[in-house]
Each structure stands twice: as structure tokens, then as C-alpha cells.
1. Provide the packing ranking of 176-185, 287-296, 95-104, i.e. peptides ordered by the mean count of other C-beta atoms within 10 Å per residue, highest first.
2. Evaluate the distance, in nm, between pseudo-label points positioned 7 Å from the Cα of residue 33 and of residue 84 along their respective Cα→Cβ axes.
3. Using only the Cα atoms of the chain, what semi-axes does the equivalent ellipsoid have when each is the square root of 5 times a gyration tensor eigenvalue? Give whole Å, largest first.
4. Let me know the number of lysine pairs in the range 84-299 closer than 19 Å at the Cα, not counting same-chain pairs under 8 apart.
5. Where a ≥ b ≥ c are the square roots of the eigenvalues of the C-alpha gyration tensor, would you call the range 81-239 rounded, which needs a/c under 1.5, or, failing that, prolate if a/b is larger than b/c, or oblate?
6. In debye to the nearest 20, how big a dipole does the chain give about its Cα centre with +1 on each Lys and Arg Cβ and -1 on each Asp and Glu Cβ?
7. Could you grab the relative contact order for the chain? Cα pairs under 8 Å, six or more apart, rounded to a whole percent.
Amino acid sequence: MNSKISITSIMIFLSFIIAGDIGGYTIFEYNDDAFEINRVYFQYTDDLSDDLFLKIRYDVARDGADGDGKFMAYLKNIYVDRNCKNGGRVSLGLIGTNSYGVQENTWGYRFIEKSPLDKNGFTNTADLGIGYSHSFGNLNINAQILNGEGYKSEQSDNHMATYLRVLYGEENLNRNDGYNAGLVVTSFEGDSADDSDDINLVGLFGGWTSNNLRLGLEYNQYETTDTETLMSLYANYSISETLDVFVRNDMAEIDGVVDSDVTTSWIGVVCNPSKGLYISPNVMIEDGTNDYRLTFMFKY
């Protein structure tokens, strides 16, 4: 049975027998070549009790370069959050990693382009394991111990990945005015005795929103066999309740590689003509080449 149809049927069935919420979104695009569905997400969420929250999310996309191009469904998230009496929160299951979510909220346009860390493959977006988050006023500390292989792969060895995020300020600058500053650190021990296949990431980020203007900045250093640095700047201005303009610039460099400097920019507008529908004429500029796109997102 087709994966997309079967998941949709399951979600519709669940909506009639379970009291939780079903939703998701679809990213649809026309570029210089053709129309394409970039991503489809289906999710189910439910407050199982006063202190226990459940989330299940499926990620539907075309198979990779080694596949046949058919749409494939992956279980992206299935976890529970339990609120602790001391004010903390424990997450258990297939959870989203803590290294990029705040920055993605500041960027605000996941449907147009992934956040810098995600786009450049500096982090897994979800993985199996356990996490703990605790807020101390405006300061939030989030720590995770995860398999390290990511949500599409099973555990292949006995090494684990550790994730740490320290955040001060507002977590959702795409929704609320304020500011934030933070640090992310991830580490994954490889199998090599000389540590040559260890993976380490250190990132700094900050953002600010006020008077319809949103700004974000991040700097990341990613170490494997080479050291790659990534800096990203992004800005958004809301002209009206239904129209935004944005610009983003990513600058990446790999140590020891000739002509390793890569700069990629995105410029465009986002129109929200009705609830749940977003339309964005935008252009991606890289190495002097312009990729003109018309991107849509349907939220349900």
C-alpha cells in the first residue's frame, strides 16, 4: 500500500477515536524546472494527563539518490514529555534534537529553507534517547543523551551522542517580541582510536524582535576530519499582518580545502492571504547562480 495514503488513512481514523489533535503541513514548490512536493508532515498530539504529553509525527519525502524517487514515509517523532514537580521536563523516545530549534524559530521560514545547521548537515534533527529541560527564570538548560545515528538509522555501535543547549531569553521570536542568546554543544564519539571520526559542534546564536522587525545571527564550528565554520545572518520585516519580506545570508568555510568559501543567500516575500496558506516568491543565490522559486505551505 502506498505509504502516504496509508498514513493519511491512519491519521483520519485516529481523529475519530482519540481525543487528541491531528495536523501537519505540506511544502509545495515551483522552481526553474518543475512543480514538486518537498515535504509532508502528519502529526498527532495529545495531553494524556495533566503532566504527560504525547507527540507522533510522520515525515513524507521522496527517496534519496539511492532510491527510485517514490515518496517514502519515516517516523520522525514519537515521544512523551513529562512535567516534573521541580519545574523540569523529561522527554523520552524519538525526540527532536535541541541544537537548532530556537534558531529555526528566529529564522521563521522552515518551509522556504531549512535552518543553517540542518541544511548543512551539522546536526541530526531527531534521534532516539532521553532529554531533560529546566528553566530558571529567563535561563533554560536542555540536555540530551541520544543514539547519534539520527531518526532514519538504527543504533550501529555502543557510542552515544550528547547534546546541550543553554538559552537565555525568548524561545519563539517568530511569535513573540523579545530577544535571546544561546550556546549549543554536541559531541559524538566515533570508533577510531585516534578520534579522527569524532564529531563535535559548538554554536553561538542570538536574536531580537520588536516593531515588526526580526533579526537573527548564528556562528557554528563543526569538527570531523576537517573543521567547517558556518555563519548565518537573517532578517524579516512585517509590512502588514499578511505580508513579510526577508533576507538570509549563509557563509560556510572548510579548513584545508581550496576554494572552500561558499556564500548562499535567500531573498523574498511571504504572503499569508488566508489562515493556513503561505505563498512565497523567493530566489536563492549561490556562486552567481539564481534559483527562482515559488514556494507554498499548507497548514492543517
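No lab work stands behind these numbers, since they all come straight from the coordinates. Please read these numbers as outputs of a predicted model, since none were measured by experiment. Here Cβ is always computed from backbone atoms with ideal geometry, including for glycine, and neighbour counts include all displayed protein chains.
1. Details: 176-185: 16.7, 287-296: 12.6, 95-104: 23.5.
Those peptides, ordered most packed to least, come out 95-104, 176-185, 287-296.
2. Placing both labels 7 Å along Cα→Cβ, they lie 4.9 nm apart.
3. Values: eigenvalues 145, 141, 104 Å².
Computed over the chain, the values are 27, 27, 23 Å.
4. Working: 114/152; 114/299; 119/152; 275/299.
Step by step, the pairs that qualify in the range 84-299 add up to 4.
5. Details: a/c = 2.07, a/b = 1.36, b/c = 1.52.
Oblate, because a/c is 1.5 or more while a/b does not exceed b/c.
6. Details: 21 positive and 44 negative charges, 349 e Å.
So the magnitude is around 1680 debye.
7. Details: 736 pairs, mean separation 35.5, N = 300.
After rounding, I find 12 percent.
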